[in-house]
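To start, the structure under review is shown below, and the notes come after it.
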Amino acid sequence: NSVWVSTDHDEIEKVAKQFGARVHRRSPEVSQDSSTSLEAIREFLNHHHEVDIVGNIQATSPCLHPSDLIKVADLIQKEGFDSVFSVVRRHQFRWSEVKKGENKMTEPQNLNPAKRYRRQDWPGELYENGSFYFAKRHLIEKGYLQGGKMAYYEMRAEHSVDIDIDIDWPIAEQRVLSFGYFGKEPLKEVKLLVCSIDGCLTNGRIYVTEDQKEMVSYDYRDIVGIDLLKKRGIQVRLISERDCSKTLSAMQLGCVAKVSATNKLQVLEDWQKDMGLSWKEVAYLGNEESDVECLKKAGMSGVPADACAVAQKAAGYICKSNGGCGAVREFAEHIFLLLEKVNAARKQ
């Protein structure tokens, strides 16, 4: 009936409202590092007596789909369950832990080694994946998210993504592009990539020789990335606030470029209109404050790892590579993942 974001952070509140959510401002008491989701939900219910059922969706599980959530809501509203939570099927053999210094052997927990079967022939086990917990008010007020007449909802393995530690991020990013929910509007192929030259295609450094000639460095991997994009039918255009015509001529990239651009957003809008593209068909790679509005407009946006803070906040993807050190190639791979998603959707 309503979508809420629970937060004590001004920026999160601003973004939540931009996307149409309502905001519950958390109190300091339930905003500590040790605070639990249950504490935040109970506080929310104390302020909203009209709410009978809460669906707690975890932000660390970015592959949720509305169709799953609708089915879960029906289990409570139409089939009378008090609580429903998400699980995923795992095919993993478990063994008992033997701590250092203990004089005992490990024991099998869910298999018989004498009759060991292939994991793909085994139905597996159900594990909580933390994606969501739905529960009625009376349970939550007693301090439970699970209880009463309970049911689990088994999610597809490809939708079961949980971000706990840093190394989970690259897996989650690829999973979201391959299996994530992108809204009701059909996905669009990226047809134009606009890349800021200084700090993205190059590392942003300018070397000056004794005879006052400028020199810049770039990574050959980025040139390969641009060629791969072109082969996929994606136009690549370059933009810079300074006049770097000679540098571009020397690099021989064969890309349309706009230098001495005092208003990057205006240039981007002109290109988008001239090519007859929707914003979802435009990708932008920038790194400076002057790129922020372009990053916000583009359907797919990215920045190198060493981009300024405001650019990183505006971007949808932060590369692991620095500018001039493979960031363009990395962002190209990110675009290719989206194209795979588009093609898969068409086949379906």
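The values are calculated or read from the model by the stated rules, or taken from the named source; none is laboratory data. Just so you know, these numbers come straight off a predicted model, no measurement behind them. A quick note on method: Cβ atoms are made from the backbone with ideal geometry, for glycine too, and the neighbour counts reach across all protein chains shown. Keep in mind that these areas ignore ligands, DNA and RNA; they rest on the heavy atoms of the full protein, side chains included. Shrake-Rupley method; radii C 1.70, N 1.55, O 1.52, S 1.80 Å.
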| query | When the Cα centres of the stretch 301-348 and the stretch 199-254 are compared, how far apart do they sit, in Å? | reply | 18
| message | What is the ratio of the Cα radius of gyration of the chain to 2.2 N^0.38 Å, with N the residue count, to two decimals? | response | 1.24
| query | How much of the accessible area of the stretch 184-259, probe 1.4 Å, is carbon plus sulfur, in whole percent? | reply | 47
| Using modelled amide H (1.01 Å from N, peptide plane; none on Pro or chain starts), what sits under 5 Å from the amide H of VAL236, excluding residues fewer than 5 places away? | LEU193
| task | May I ask for the net charge around ASP168, where only other residues with Cβ less than 13 Å from the Cβ of ASP168 are counted and Lys, Arg are +1 while Asp, Glu are -1? | result | -3
| query | Thinking of the stretch 1-112 as a set of Cα atoms, what percent of all their pairs are more than 23 Å apart? | reply | 50
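How much length would be gained if the chain were fully extended between TYR152 and HIS47, taking 0.36 nm per residue of separation minus their Cα-Cα distance, in nm to one decimal? Before the final figure, lay out each step's value.
Details: separation 105, 0.36 × 105 = 37.80 nm, distance 2.84 nm.
Fully extending the segment from TYR152 to HIS47 adds 35.0 nm.
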| remark: Rounded to the nearest 0.05, FRET efficiency between TRP122 and LYS71 (Cβ-Cβ, R0 35 Å) equals 0.85
| Between the stretch 65-91 and the stretch 123-197, the Cα center-to-center distance that results, in Å | 13
| note | Sequence order, the stretch 275-292: Karplus ³J(HN,Hα) from phi using 6.51 cos²θ - 1.76 cosθ + 1.60, θ = phi - 60°, Hz rounded, Gly and Pro as x, gives 8, x, 9, 7, 5, 5, 9, 10, 10, 9, 10, x, 8, 10, 4, 5, 9, 4
| note | Of the listed links LYS213/LYS280; LYS213/LYS313; LYS191/LYS313; LYS71/LYS184, those spanning more than 28 angstrom between alpha carbons are LYS213/LYS280; LYS213/LYS313
| remark: Taking the alpha-carbon centre of each part, the distance from the stretch 46-61 to the stretch 5-31 in Å is 13
| query | Can you list the HN-Hα couplings for the stretch 315-323, worked out from phi with the Karplus curve (6.51, -1.76, 1.60; θ = phi - 60°), rounded to whole Hz and with x for Gly and Pro? | reply | 8, x, 9, 10, 5, 8, 8, 7, x
| Å² per residue, accessible surface of the chain at 1.4 Å | 59
| note | Each label sits 7 Å from Cα toward the beta-carbon; between GLU289 and VAL15 the label points are separated, in nm, by 2.1
| note | Counting all Cα-Cα pairs in the stretch 192-346, those more than 27 Å apart amount in percent to 16
| query | What fraction of the Cα pairs in the stretch 78-132, stated in percent, has a spacing above 12 angstrom? | reply | 75
